[in-house]
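Read through the structure below, which is laid out as structure tokens, and then see the notes.
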Amino acid sequence: MAHKSISGSIVSINTGSKKGEKKETAERGLLVPGSGLKGDAHCGTERQVSLLAVESIDKIRRKGLEVGYGDFAENITTRGINLCDLPLGTTLQLGREAMVRITQIGKICHDRCWIFATVGDCVMPREGVFAEVLQGGEIAVGDEVTILGEL
């Protein structure tokens with residue numbers, strides 16, 4: 001395993017029953033290997049888990065829109081790591097035992113969301129990342145997110 005380096009933290013865990021909609025926040029969640037975040041609509045799909053940095057959310061807040069965690073339909077909101085600059089294949093440890101590998105950076109938005117409609121921009125298509133769950137485990141708000149490198 002690669003040497004532990006830069007780390008950040010989980011500031012929100014978000015799940016929803018429908019894809020592409022705002023998600024509800026929770027203090028804890030369970031990542032299931034090869035599946036995703038238990039209870040979320042993306043669990044079991046190609047995009048198992050989505051992550052977005054609060055630093056990205058702040059870009060939209062600076063445009064005058066009050067947005068919160070889960071409003072971008074992200075599963076895990078982080079602080080302290082520039083997620084979209086990490087290369088594909090980067091493995092992150094979330095909390096004590098869960099590990100995910102980045103499989104996609106950004107996405108195509110076929111239908112513009114309410115955020116884009118309101119301020120003419122949305123960061124999720126550029127700065128959101130998607131990951132597969134390599135090793136499951138419980139995660140909680142406040143847990144450390146550590147870049148392990150490429151595995």
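Computed from the coordinates by the stated procedures, all read-outs in this text should not be read as laboratory data. This is a predicted model, so every value here is computed, not measured. As a convention, Cβ positions derive from the backbone with ideal geometry for all residues, glycine included, and neighbour counts pool all protein chains shown.
Quick look at the numbers
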read-out	value
Cα-Cα P(r), region 1-78, percent of pairs per 10 Å interval	19, 46, 28, 7, 0
Entries of K18/K63; K18/K38; K22/K63 with Cα pairs more than 21 Å apart	K18/K63
Shape call, region 46-87: gyration tensor on alpha carbons, a/c limit 1.5	oblate
Neighbourhood net charge (12 Å Cβ-Cβ; Lys/Arg +1, Asp/Glu -1) for T78	-4
